[in-house]
């Protein structure tokens with residue numbers, strides 16, 4: 001790739017947990033490349049969270065975030081959330097103390113053996129967890145984390161169907177006026193909870209986005225469309241922005257620029273009962289806006305040559321594919 005196709009944009013797709021993050025780390029500074037499952041997912045989730053915080057009036061730096069699932073997707077989410085907190089003034093250490101990763105062995109902390117490099121970066125200091133309940137195996141289960149941390153955000157990338165149980169969700173909702181809960185695993189049979197159950201267990205207060213497609217849910221006489229954190233919101237726009245300005249690399253800053261541009265278009269910012277992400281039928285227009293944000297970040301960070309915004313918009317429009325087909329008869 002480096003020798004024959006040095007100007008190509010390479011996207012890693014559907015690589016297994018043990019390979020995805022190491023391959024990305026190995027090549028991200030050698031090629032113009034990104035992993036959509038790690039970075040694209042994280043960017044769309046940050047965008048949906050931006051919409052949810054527009055409803056609650058909160059900031060990233062004030063959230064206590066629990067991530068159920070500490071594989072490459074969970075660690076990738078944590079990295080982007082940490083960066084979102086840093087841009088709002090928190091130090092790395094303070095941001096990490098607000099991020100709780102939970103895996104099969106319970107809450108990830110620094111006394112657990114055999115942690116991956118990514119998990120170690122977000123392991124909580126065990127000494128700070130004395131007040132959290134342990135189960136009979138000595139681990140700290142998800143429910144205990146929600147009870148003991150005052151979690152405001154719960155994200156699921158565990159692929160464990162039903163992991164977000166009624167007792168755990170009610171424990172979270174008892175401490176938070178508008179709990180933000182995203183069961184992101186897909187397909188449907190792996191989803192941590194259904195939107196209907198989450199609304200029922202929180203008396204309709206939960207702000208929800210999912211990884212699988214769900215029909216609108218009616219609760220207490222109000223019908224709510226459920227946003228799907230689909231990577232299609234981001235990866236075509238990232239490619240379009242990168243190629244339009246000839247960026248040399250794809251950076252996390254560019255992915256977060258995409259997230260902010262998408263989050264700014266959240267319908268929930270105007271109507272709290274609306275979905276946290278725009279409808280997919282707005283994707284064509286939305287993609288050009290997100291691509292512009294990516295392209296400008298590439299230029300501002302020195303990954304692409306500077307040019308006027310009008311020129312960038314024109315380059316994006318010239319590369320934008322429109323599905324119009326020649327009639328055969």
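For this structure, a couple of remarks:
- Just so you know, in the range 120-153 the residues that are in contact with a helix residue (DSSP H, G or I) (Cβ under 9 Å, 6 or more places away or on another chain) and over 19 Å from residue 64 (Cβ atoms) include one that is surrounded by the fewest Cβ atoms within 10 Å (Cβ to Cβ), and it is 135.
- Selected residue (only one of 221, 162, 204, 241 is at pLDDT 95 or above and on the phi > 0 side of the Ramachandran plot): 204
- Qualifying position, being buried (at least 23 other Cβ atoms within 10 Å of the Cβ), over 16 Å from the mean Cα position of the chain (by Cα) and under 24 Å from residue 164 (Cβ atoms), among 206, 227, 259: 206
- Some residue of the range 63-77 being under 14 Å from the mean Cα position of the chain (by Cα), closer than 13 Å to residue 252 by Cα and surrounded by 14 or more Cβ atoms within 10 Å (Cβ to Cβ): yes
- Any hit, the range 27-35, residues being within 12 Å of residue 76 (Cα to Cα) and surrounded by fewer than 24 Cβ atoms within 10 Å (Cβ to Cβ): no
- Qualifying position, being in contact with a strand residue (DSSP E or B) (Cβ under 6 Å, 6 or more places away or on another chain) and under 30 Å from residue 317 (Cβ atoms), among 227, 237, 206, 193: 227
- Whichever residue in the range 147-157 is in a loop (DSSP other than H, G, I, E, B) and more than 14 Å from the chain's Cα centre (by Cα) and, among such residues, is farthest from residue 197 (Cα to Cα): 150
- Some residue of the range 118-128 being within 24 Å of residue 39 (Cβ to Cβ), touching a strand residue (DSSP E or B) at 6+ places or on another chain (Cβ under 8 Å) and touching a residue at least 40 places away in the same chain (Cβ under 8 Å): yes
- Checking residue 282 against (1) under 14 Å from residue 47 (Cβ atoms); (2) crowded, with 18+ Cβ neighbours inside 10 Å; (3) without any contact (Cβ under 8 Å) to a residue 24 or more places away in the chain, the condition it does not meet: (2)
- Within the range 312-328, being over 19 Å from residue 239 (Cβ atoms) and in the same structural domain as residue 257 (by TED's automatic domain parsing) holds for no residue.
The values are calculated or read from the model by the stated rules, or taken from the named source; none is laboratory data. If you're wondering where the values come from, they're calculated on a predicted model, not measured in any experiment. Neighbour counts run over all protein chains shown; Cβ positions are idealised from the backbone, glycine included.
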